[in-house]
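S.K.: What follows is a structure written as structure tokens; I'll ask about it next.
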Amino acid sequence: MFDTLHSFVLDETGDAASSLTGQLPRNAQAPGDPEFGNTSGDENRDAPLLDAYSRSVTQVVETLAPSVVKLDIKNGQGRHQGSGSGVIVSPDGLLLTNSHVVQGARRADVTLLDGRRLSGRVLGDDPDTDLALIRVDEDTHLPAAKLGDSLRLRPGEIAIAIGNPLGFDTSVTAGVISALGRSLASRSGRLIDDVIQTDAALNPGNSGGPLVSSRGEVIGINTAIIAGAQGICFAVAANTARFVLGELVRHGKVRRAHLGIGATTILLPRRIALRLGLEQKTGAMVSSVEQGGPADHAGLLSGDILLAIDGQQIHGAEDLIRLLDADKIERTVPIDLLRRSEQRRFWAALHER
């Protein structure tokens, strides 16, 4: 079972003569000689890898940096309320950031990499996933980043964070994806499921900026760090961001059916999957059940592995978020799951969150 995290914070050798002349003393062995030692040889072999890593990060930054913006949030009186980062996701001026960056405000000043300062308005925000959507008012063609498929990610892949930490514009940090499928408590108190953990350093002001893959795709929206920890930072997965983006564009809010569980993505035990004839390789394991919620009334328990809801397969927590959409509000739907290696079906009466 993956951890559920509740802390949240809103970002050469030789003699003297030979050294002077740049020559090795007579009979001396060159670095990398087998009798001299392998250290320098290892370094020489690693050099191409380090160069490739640097080129990869540099190319990503050159491509994505124009899509990353600095946000200055204004309250109803037009006064400065806070700042953060955002990423442009469509050429007509839509950009994603964190809900805790906008803090309920309706306006924001948007500063681009080239120094242009534009006016933006908050179309909607979703505290449950700590995401918000802003539209730039000016009619202009903006450099947009591409949202990647976070289901393709694997721990150990390169992760690059671009943002404006502590007022230092367009700062870049790089690391790896440390883990997938984490759950993180949002400011609303609800769990954000399928969160990406990374060791790419984040600081206040990075919030709302993109976490980017080596392919140059946005794989997450940076959201949080753990107070007092080092190298433990989090981003809302890109597929979750894509779902929230669509809902905010259509409805101005995210309408969801409520099941009342916390969940993490997990591999299905191969022996059990073969015995039951299951084709899917992953599911969503219930990590917590809200007392008195629909899942509780339906009889779901922590440790159950969800396979499908209303006949639609669940491959992970990310699918669960997507499938609990407005169409299932006020409906009683079947939930197929694994419990103690046996496949079972329960019925849950869902209501709107």
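The values are calculated or read from the model by the stated rules, or taken from the named source; none is laboratory data. This is a predicted model, so every value here is computed, not measured. All Cβ positions, glycine included, derive from the backbone under ideal geometry; neighbour counts span all protein chains shown.
S.K.: Please go through region 251-305 and pick out each residue that is part of a strand (DSSP E or B) and within 13 Å of L350 (Cα to Cα).
M.R.: The first filter runs over region 251-305 and keeps only residues part of a strand (DSSP E or B), leaving 257-258, 261-267, 282-289, 305.
Residues satisfying the conditions are A257, H258, I261.
S.K.: From the list L180, L191, L184, exactly one residue is aliphatic (A, V, I, L, M), farther than 18 Å from K70 by Cα and in contact with a Pro (Cβ under 9 Å, 6 or more places away or on another chain). Which is it?
M.R.: L180 is the lone residue from the list that is aliphatic (A, V, I, L, M), farther than 18 Å from K70 by Cα and in contact with a Pro (Cβ under 9 Å, 6 or more places away or on another chain).
S.K.: Taking the residues in region 309-335 that are surrounded by fewer than 19 Cβ atoms within 10 Å (Cβ to Cβ) and not in a loop (DSSP other than H, G, I, E, B) as candidates, determine which candidate is modelled with the lowest pLDDT.
M.R.: Initial filter on region 309-335 (surrounded by fewer than 19 Cβ atoms within 10 Å (Cβ to Cβ)): 310-313, 315, 322, 325-327, 329-332, 334.
Those still in the list that are not in a loop (DSSP other than H, G, I, E, B) too: 312-313, 322, 326-327, 332, 334.
Numbers: Q312: 94, Q313: 94, R322: 77, A326: 83, D327: 86, T332: 96, P334: 97.
Within region 309-335, the match that is modelled with the lowest pLDDT is R322.
S.K.: In the same structural domain as P66 (by TED's automatic domain parsing) and at pLDDT below 95: which single residue out of V195, V218 fits that description?
M.R.: When all the criteria are applied, what remains is V195.
S.K.: Report, by residue number, each residue of region 197-232 that is part of a strand (DSSP E or B) and either closer than 20 Å to I261 by Cβ or over 11 Å from the mean Cα position of the chain (by Cα) (or both). Break it down into steps so the answer makes sense when it comes.
M.R.: At the first step, the residues of region 197-232 found to be part of a strand (DSSP E or B) are 197-198, 210-212, 218-225.
Of everything in region 197-232, just one residue is part of a strand (DSSP E or B) and either closer than 20 Å to I261 by Cβ or over 11 Å from the mean Cα position of the chain (by Cα) (or both), namely I225.
S.K.: Determine which single condition G299 fails, assuming it passes every other condition in (1) at pLDDT 90 or above; (2) buried (at least 22 other Cβ atoms within 10 Å of the Cβ).
M.R.: The number of the failed condition is (2).
S.K.: Restricting the search to region 78-114, which residues are in contact with a helix residue (DSSP H, G or I) (Cβ under 8 Å, 6 or more places away or on another chain) and surrounded by fewer than 18 Cβ atoms within 10 Å (Cβ to Cβ)?
M.R.: Passing the criteria: L113, D114.
S.K.: Which residue, of R340, R344, R275, R271, is at pLDDT 95 or above, over 25 Å from A235 (Cβ atoms) and among the basic types (K, R)?
M.R.: Only one candidate passes the filter, namely R344.
S.K.: Turning to a different aspect of this structure: So the check is Cβ under 7 Å with 6+ separation or different chains; which pairs have a first residue in region 259-276 that's at positive phi and a second one that's of a type in the set (A, V, I, L, M, F, W, C)?
M.R.: From region 259-276, the pairs are G260/V289; G260/A295.
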